[in-house]
1. Run G91 past the list (1) out of contact with any strand residue (DSSP E or B) (no Cβ under 8 Å at 6 or more places or on another chain); (2) touching a residue at least 24 places away in the same chain (Cβ under 8 Å) and report the number of the one that doesn't hold.
2. For region 27-42, give me each residue that is touching a Leu at 6+ places or on another chain (Cβ under 9 Å) and more than 17 Å from T83 (Cα to Cα).
3. For region 52-78, give me each residue that is of a type in the set (V, I, T), surrounded by fewer than 16 Cβ atoms within 10 Å (Cβ to Cβ) and assigned to a helix (DSSP H, G or I).
4. Do you know which of the residues in region 1-33 that are part of a helix (DSSP H, G or I) and among the small types (G, A, S) is surrounded by the most Cβ atoms within 10 Å (Cβ to Cβ)?
5. Looking only at region 34-51, how many residues end up being over 17 Å from D88 (Cα atoms), surrounded by 12 or more Cβ atoms within 10 Å (Cβ to Cβ) and aliphatic (A, V, I, L, M)?
6. Does A15 qualify as being among the hydrophobic types (A, V, I, L, M, F, W, C) and closer than 19 Å to R75 by Cβ?
7. Determine whether region 79-100 contains at least one residue that is modelled with pLDDT of 95 or more, surrounded by fewer than 18 Cβ atoms within 10 Å (Cβ to Cβ) and not in a strand (DSSP E or B).
Amino acid sequence: MPSPEVSALLDRYPAVIAGLGDQFSSHDFILVLAQQNQALYIRALNMYAGALYRGTPAPFRALHAVLAHHLKATRRLVRQTGTASSPDIFGESCSCATWQKV
């Protein structure tokens, strides 16, 4: 069960998805979610302040993994169509899921 901070962002998924094009990436989704819900995003990010990836602090990576996982669970709104390389929130190119509105 997600924390209240993450749940508050999950409640915003339908509105964010509605505002995106018919096809989008997880990175596109997370960027718009963060832009439109900055205070909620910061509170959720703070929950992962101590998260590590390969021994390096990685709160963004941890939160974004949770957000992407929950995007996959919104089958009534989107379906995963594959993966693509795209820039993450820091402009670094990496692989992420691509989505199609249902």
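1. So G91 meets the others, but not (2).
2. V32, L33, A34, N37, L40, Y41
3. Once the filter is applied, which keeps residues that are of a type in the set (V, I, T), surrounded by fewer than 16 Cβ atoms within 10 Å (Cβ to Cβ) and assigned to a helix (DSSP H, G or I), region 52-78 yields nothing.
4. Per the stated criteria, the residue is S26.
5. Of the residues in that region, 4 qualify.
6. yes
7. no
The values are calculated or read from the model by the stated rules, or taken from the named source; none is laboratory data. Note that the coordinates shown come from a computational prediction; the quantities given were computed from them, not determined experimentally. Don't worry about glycine lacking a Cβ; one is built from the backbone with ideal geometry, like all the others, and counts go over all protein chains shown.
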